[in-house]
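One structure is given below, encoded as structure tokens.
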Amino acid sequence: MDRDHSSLIIILLGGMGSRWWSSRLRCSSATYVASVGKVSRGYFTSFYDTPKLFQLYFHKDRGLTNSMIERCIAANFDVLALTVDTITGGNRERDLRTGFTSPPRLTLKSLVSFAMHPRWAANYFMHEKFELPQLKDYVKEGSNISVSVGDYFSTMLDQSMNWQDAADVRKKWGKQFCLKGIMSIADAKRAVGIGATAIMVSNHGGRQLDGSRSPFDQLAEIVDAVGDRIDVICDGGITRGTHVLKALSVGAKACSGGRLYLYALAAAGQAGVERALENLRAEIERDMKLMGCRSVDQLSRDNLRFR
């Protein structure tokens, strides 16, 4: 793995919650496309020369799942990441309270919000309609029908997915293969056993299992168990350069996240994302200098003290 700054961060193109600006985003980090994302594989293969990873959600329609894998192979994606922590939607109380769906439902409350945020509203109504390009030709939920993320996960994804299914996906894919959502030593070892080349230690942004530990809290024991056989990525909770350095010091090979740039994307488009990523890069570089480290290879647990 090339250990320069741009290889330390994997940008997750947030699922159904992010907006149309995603299709105009360019960055130098590794870039993600998801089954329930709003940017097509074809766009990325045409405009991006960074490593490309496709996040696969395992649908009840096995033909749809296999079709996405085949199209990723044809589009020459580098990595396939199978998400294993969303076979049903979490109890996202904030979404239930606000009535959040993608695309937004037009209600009195949402119309007031549009009026209070005219720039956002103009972007929403004057550009292309919401769609999920990976899904639109297969299910109505891939069109402009309003649906909550929780409802989509609970109704469209296969709740019977098991380890053999994951092994079959890896075999069909045949290239670098990651499991996203690993949170235990036992599951990390099983990921190694089916031939995965990487795992993302992730609790899906804390929005699935209520009360689950943070990925960072699980990191050391998982790295100790399998870090010599598989790449371990810390996913989520990354908002500062020091967070990246702490994860790398524990033994992670890289960090990934969506919120680390999605808020900047919503607020200021591509310029906001570029600013957020530059802030992160500057923090990593500055903090390494303050730690006396000239290379990420010099990061180790000797840098850390746990309270």
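Each reported figure results from applying straightforward, stated rules to the coordinates on display, with no laboratory input. The structure displayed is predicted, hence computed values, not measured ones. Every residue, glycine as well, gets a Cβ built from its backbone with ideal geometry; the counts of neighbours run over all protein chains shown.
Once you sort the root eigenvalues of the Cα gyration tensor of segment 73-118 as a ≥ b ≥ c, which label holds: rounded (a/c under 1.5), prolate (a/b larger than b/c) or oblate (the other case)? Intermediate values should be presented prior to the final figure.
Working: a/c = 4.33, a/b = 1.84, b/c = 2.36.
Cα axes put segment 73-118 in the oblate bin.
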Quiz item: Which cross-chain or sequence-distant (5 or more) residues have an amide H under 5 Å from the amide H of Q55, H modelled 1.01 Å from N in plane?
Solution: V33, A34, S35, A81
Self-check item: Among 178-188, 109-119, the order from most to least packed when residues are scored by Cβ within 10 Å on average
Solution: 178-188, 109-119
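Arranged from highest to lowest average of other beta-carbon atoms within 10 Å per residue, in what order do the peptides 60-70, 241-251 appear? Intermediate results must be reported in sequence, preceding the final value.
Details: 60-70: 15.6, 241-251: 21.3.
Ranked by mean Cβ neighbours within 10 Å, highest first: 241-251, 60-70.
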Self-check item: Anisotropy class of segment 187-307 from Cα gyration tensor, a/c 1.5 cut
Solution: oblate
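Mind scanning K60/K109; K189/K246; K52/K189; K175/K246 and naming the pairs with a C-alpha gap bigger than 32 Å? Don't skip to the answer; put the middle values down first.
Numbers: K60/K109 34 Å; K189/K246 23 Å; K52/K189 25 Å; K175/K246 29 Å.
Flagged as over cut-off: K60/K109.
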